[in-house]
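Notes follow the structure.
The values are calculated or read from the model by the stated rules, or taken from the named source; none is laboratory data. A quick note: this is a predicted structure, and the numbers were derived from the prediction, not measured. Using ideal geometry, Cβ is built from the backbone for each residue, glycine included, and neighbour counts are taken over all protein chains shown.
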Amino acid sequence: MSHLTIPEFQRQKKEGKKITVVTAYDALFTQIVEQAGLEVILVGDSLGMVVQGKSNTLSVTMDDMLYHTRMVASAAQRALVIGDMPFLSYQVSVEEAVKNAGRLLQAGAVAVKLEGGHSVVDRVEAMSNFGIPVMGHLGMTPQSVNQSGGYKVRGKEQIEADKILQEAKALESAGAFAVVLECVPSSLAKKITHELVIPTIGIGAGQECDGQVLVLYDVLGLFDDFVPKFVKPYAHLKADALQALTRYKEEVECGKFPSDAESYQ
Ligand code: KIV
């Protein structure tokens, strides 16, 4: 089975076909995501929160991202795997950004994602020139949580909305193949989507984007420490897991498990 390519990914916008993206961090869930027919996986630095249990994504390292990208990429048969660039892997210099992006490709990602607008345009340009496909990320950018003071909707004021639109255009001109719009008003996401040739992928950005992305554990109802308004849980796996583990413990304690069916005669 061949992997979805960047041109095929981009063609979906021209064809008016919505793009569904989800995060994954390991081989087992990569297989489940693919069996469900999803073709784009982001190995997000959200793993800092949902896998590592941290309160934000800032402590995620390149080594963490390489480890999880390898697991996802080696399990993926069809999906286009995008590796997220963690905090400090691209901010310091263009050289470090290109090198770290290249390391994610060596780990099996086909593209990388980084956060920011004008401040990263030179990084996006350099990576694109060297054949590294880059996805931008604008609006609420979790790696800037200390500056923004929390996970808040961005672009509600006209000045900020105009800046986000200009940054989206600048990322496109620099060679980005797509851009994530996180927590921006639907009207702004609609305008950006119409003005860009490249696909917009929304998260908390309304239904006019060319595609949507969500964190896998949010989709499955596994992570309920913090559930933003834009999340729709399509399952309640945390409740199922709690019930299963409670029953397992009860059955071990009362001698019901293992029964003859789970024993060798
Ligand atoms: O890290 C991540 O999972 C992300 C998406 C939610 C866009 O950046």
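Numbers for the structure displayed
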{"read-out": "Cβ pairs under 8 Å, 6+ apart, first in segment 13-32 and in contact (Cβ under 8 Å) with a residue 24 or more places away in the chain, second of a type in the set (D, E, K, R) and more than 13 Å from the ligand (Cβ to nearest atom)", "value": "K13/D210; K18/D210; I19/K13; I19/D210; T20/E39"}
{"read-out": "Filter pass, K54 being over 15 Å from the mean Cα position of the chain (by Cα), touching a residue at least 24 places away in the same chain (Cβ under 8 Å) and either within 13 Å of the ligand (Cβ to nearest atom) or surrounded by 15 or more Cβ atoms within 10 Å (Cβ to Cβ) (or both)", "value": "no"}
{"read-out": "Test: residue in segment 25-42 that is among the polar types (S, T, N, Q), assigned by TED's automatic domain parsing to the domain that holds V180, more than 15 Å from the ligand (Cβ to nearest atom) and modelled with pLDDT of 95 or more", "value": "yes"}
{"read-out": "Residue satisfying all of: in segment 169-192; under 21 Å from V124 (Cα atoms) and surrounded by fewer than 22 Cβ atoms within 10 Å (Cβ to Cβ); farthest from the ligand (Cβ to nearest atom) among these", "value": "S173"}
{"read-out": "Meets criteria (away from the ligand (no atom under 12 Å from the Cβ), hydroxyl-bearing (S, T, Y) and under 24 Å from G150 (Cβ atoms)) for Y90", "value": "yes"}
{"read-out": "V112 being touching a Leu at 6+ places or on another chain (Cβ under 6 Å), within 12 Å of the ligand (Cβ to nearest atom) and touching a residue at least 24 places away in the same chain (Cβ under 8 Å)", "value": "yes"}
{"read-out": "Residues located in segment 19-78, provided they are closer than 30 Å to G149 by Cα and small (G, A, S)", "value": "A24, G44, S46, G48, G53, S55, S59"}
{"read-out": "Test result for N129, loosely packed, with under 15 Cβ neighbours inside 10 Å, assigned by TED's automatic domain parsing to the domain that holds E15 and under 19 Å from P228 (Cα atoms)", "value": "no"}
{"read-out": "Residue that is surrounded by the most Cβ atoms within 10 Å (Cβ to Cβ) [pool: residues in segment 193-208 that are over 18 Å from V134 (Cα atoms) and touching a Lys or Arg at 6+ places or on another chain (Cβ under 8 Å)]", "value": "G204"}
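Residue-wise test of (1) within 27 Å of L28 (Cα to Cα); (2) in contact (Cβ under 8 Å) with a residue 60 or more places away in the chain.
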{"residue": "H194", "(1), (2)": "no, no"}
{"residue": "P228", "(1), (2)": "yes, yes"}
{"residue": "K232", "(1), (2)": "yes, no"}
{"residue": "D240", "(1), (2)": "yes, no"}
{"residue": "Y248", "(1), (2)": "yes, no"}
